[in-house]
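Data block below; observations after.
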Amino acid sequence: MLDPTSVAAISAVLGAIGAGMANEAGKWAWESTGGVVRRIVGREVAAPVAADERDDVARLIHERIRTDPQLAGHWSLFAARLPDGPRPVRIAGSHLPASIRFFTDRKEAMRRLHREASRRADGRPRLALVHGPDGMGTSTLAAHFGSRHGRLFPDGRIYADLGGGGVGSARDTGAVLRALLRQLGLPDEGMPPATDLLGEFFRHCVTDRKLLVVLDHAHSAAQVRPFLTSAPGVFTIVVARSPFPGLDALRVPVGPLTDRDAVRLLTDITDKSTVAAARATLPSLLERCGGSPYALRAAAARLSTAPPPTPAAVADGDPVRGAADDAYRLLAPEAAKLYRLMALRGWPAFDADAAARTTGLDPAAVPGLLEDLADRMLLERALGGNGDWRYHYRPGVRAHAETAAIRDDGIAACSAALGRALLAYAERASAAAHQALPESWRVPAPADEGSGRRYEDRGAALDALLAETGNLIEAVRCAEESDAPETGVRLCRALWPVQLKAGHHETLLPALRTGARLADAHLPESTDAGALHAQLAHSLTELGRWEEAETEARAAARAEEAAGHKRGQASAVEFLGLLRLRQWRYQEAHECFDRAAGILDTMDARDEGAADRPRASALLERHRGRALRGLGRGEEARRRLETALSHFRTARDTYNTARTLTDLAETWLDGDDGDAALPLVDEAIATLEGQRADYHVAYLRRMRERCVAG
């Protein structure tokens, strides 16, 4: 059994606490650890980030406790009282895209995948690389295999789209890992904050599972490597357009269907009589489709009605673009316009409202037009989280539509359409963000608060923002490329509720960097630059990128001071103090909070954000109490925390009331006074009832056990 006071055991405890910082309970445990380390070592110790730094801190602790039984007992008791680490819920089932009814040929590919999935475990990862050109059915093959052989994977079948054809379009590794972990049943607040910890945590979660993992649209071994595991029950299928070096996997090529299988597929989709009636044009159709299942399916709908294609319909021998061109030529004018203009950007999943705003078409007609395009296989449809239909293009089809837009509509019309799209997404995001956080000065109110969608409550507004996050990030990129800096900044500021309430920091980081860059370059005299740098500081802190976070927090403070925005300047300095708490630099944290309070004291009623000053002052009192606790100044810490608690109780701010009660109870427990801490813990638990704060409540229940145990 590992000695709990050994360097290895202490380092493991530090690592486990660091991995749990995605939720409020984890942050409390981390701050508490810093205070305990300070008391044991006898001086301030910088919080570790990397594994070697954790080992260094572990050695410092070990040196002190190996010769002091009292300190050793104190550390052992502290380590034993830490909250349990996050555990995924075992939810069996499939998250794969739906398979298809008519699946032709591919018997050899299916056999090879089955052999790899079911071979005896020998230490080698079960890994296959399915590759083939766009439209050949590689993704369909992976989904069909998973649906046919679900019994091999009783613990689930999970799926991630890695983002397509190149480095620029690839999804962030951390964002994909989080998506996979959610499919395993783990909530965001149960996941480690940093990407490197996420990879390790994902592999830990799948260690003893019988699971299928499908990684679609991969482009390199480096992109895939963080998701790979040697767990004997996990089978990973990587799907790509072409094989790439560096991946030691079973290669499963997917090529064109033979003419015989192509005719069989057409017959399955239509019927024998339809295929027989088209025998005169069938050879040229088969040649044009090039054995592509996608092109054949698209052609099947027109087999008995479409005129023979002209030579121009063949797009450089690409069957996908050729099929798209054939279908495009048969569209009504309004459907053709929608098809062209929505392809100008790679929107991840757009709805009818966005399509109507972008194209200028009649909103009542757009849902039917979208369904027509989906029926013709020019769009892919999927059910959104709110039960609405959403649409996107397959890459080859979008390339055809974008080319048609430039050719048929012209640059001016395309630019106007993108302008309408940006305005639509900015208005939608602003309205949802303001309703999700109506009290926050960080979310500017829409220009017309009476316009835009209305949501039934804050949760519904946040859900709407989450559903559009991918489109909003694409809109920020579009705003930068379209020279629309104000719109880009507006979009980024509307992301604040997503950061604060849902995390998703890796996903949002590129857009926030773009927003800060736009604000610095084009809006230097406004408060936007400070706001965007502060949002960056927040996300970077949560991701454990502390040096970058400090740079952004200081940039935010400078920008807000230059703009004369005292509330923003105080908040930026407060962000720096919160970062110092995370780094266990408690004296510097306290100084930051003092400085922020001093800035608030200079505000008067005419200053922007003055109405928020009482709440801001109470938050700073709470933070001062946390810093003083880390410094071991318990009595002063309790006075600060009680002042903050009085404000939050009076304001009926249940969220901050519960947090401050927890801080105050922790401070009493530092002095082993469970009797004083117990009523505070009970009040905090009661305050959080019905607020879906599971991790916080679990942490409080562990605290309660400490109070009762004495």
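Each value in this text was obtained by applying a stated rule to the coordinates, not by laboratory testing. Predicted model only: the values in this text are computed from it and were never measured. Cβ: placed from backbone, ideal geometry, glycine included. Neighbour counts: every protein chain shown.
What to note about this one:
- Cα-Cα separations in the range 409-523 greater than 18 Å, expressed as whole percent: 47
- Computed 3J(HN,Hα) for the range 55-60, one whole-Hz value per residue from the Karplus formula 6.51 cos²θ - 1.76 cosθ + 1.60 where θ = phi - 60°, is 5, 4, 5, 4, 5, 4, glycine and proline marked x.
- For the range 641-653, Karplus couplings with θ = phi - 60° (6.51, -1.76, 1.60), whole Hz, Gly/Pro x: 5, 5, 4, 5, 4, 4, 5, 5, 5, 4, 7, 6, 8
- Over the range 549-704: Rg over Rh, Cα atoms, Kirkwood Rh: 1.00
- The C-alpha radius of gyration of the range 169-263, expressed as a fraction of 2.2 N^0.38 Å, stands at 1.26.
- Distance between the 7 Å Cα→Cβ label points at Arg260 and Arg652: 7.7 nm.
- Taking only the Cα atoms of the range 107-253, the ratio Rg/Rh comes out at 0.94, with Rh defined as the Kirkwood radius.
- Förster radius 41 Å - calculated FRET efficiency between Lys501 and Asp122, Cβ distance, rounded to 0.05: 0.35
- Using a cutoff of 8 angstrom between alpha carbon atoms and counting only pairs six or more residues apart, the relative contact order for the range 375-481 works out to 21 percent.
- The slack in the chain from Ala686 to Arg477, taken as 0.36 nm per residue of separation less the alpha-carbon distance, amounts to 70.8 nm.
- Computed over the chain, the per-residue total of -39500 (n - 2.57) for DSSP H runs of n ≥ 4 gives a 222 nm mean residue ellipticity of -18500 deg cm²/dmol, rounded to 500.
- In this simple spin-label model, placing a label point 7 Å from the Cα along the Cα-to-Cβ direction at both Ala332 and Glu486 gives a separation of 3.8 nm.
- Normalised by 2.2 N^0.38 Å, with N the number of residues, the alpha-carbon radius of gyration of the range 592-667 equals 1.11.
- Relative contact order for the range 107-253, counting Cα pairs under 8 Å that sit 6 or more residues apart, in percent: 38
- Coupling constants for the range 63-80 follow from the phi torsions by the Karplus curve (6.51 cos²θ - 1.76 cosθ + 1.60, θ = phi - 60°), and in residue order they are 4, 7, 8, 6, 10, 10, x, 5, 5, 4, x, 4, 5, 4, 5, 4, 5, 6 Hz; glycine and proline get x.
- Amide H to amide H distances under 5 Å link Val49 with Arg54, where only residues 5 or more positions off or on other chains count and H is placed in the peptide plane.
- Cα-based radius of gyration of the chain once divided by 2.2 N^0.38 Å, which approximates compact folds: 1.08
- Filter on Lys107/Lys210; Lys337/Lys501; Lys107/Lys337 - keep pairs with C-alpha separation over 32 Å: Lys337/Lys501; Lys107/Lys337
- Taking other residues whose beta carbon is less than 15 angstrom from the beta carbon of Leu523, and scoring Lys, Arg as +1 and Asp, Glu as -1, yields -3.
- Length-normalised contact order of the chain in % [C-alpha pairs under 8 Å, at least 6 apart]: 10
- Computed extension length for His522-Val41: 168.2 nm, one decimal, from 0.36 nm per residue of separation with the Cα-Cα distance subtracted.
- In this label model, Ala382 and Ala605 are separated by 5.3 nm, measuring between points 7 Å along each Cα→Cβ vector.
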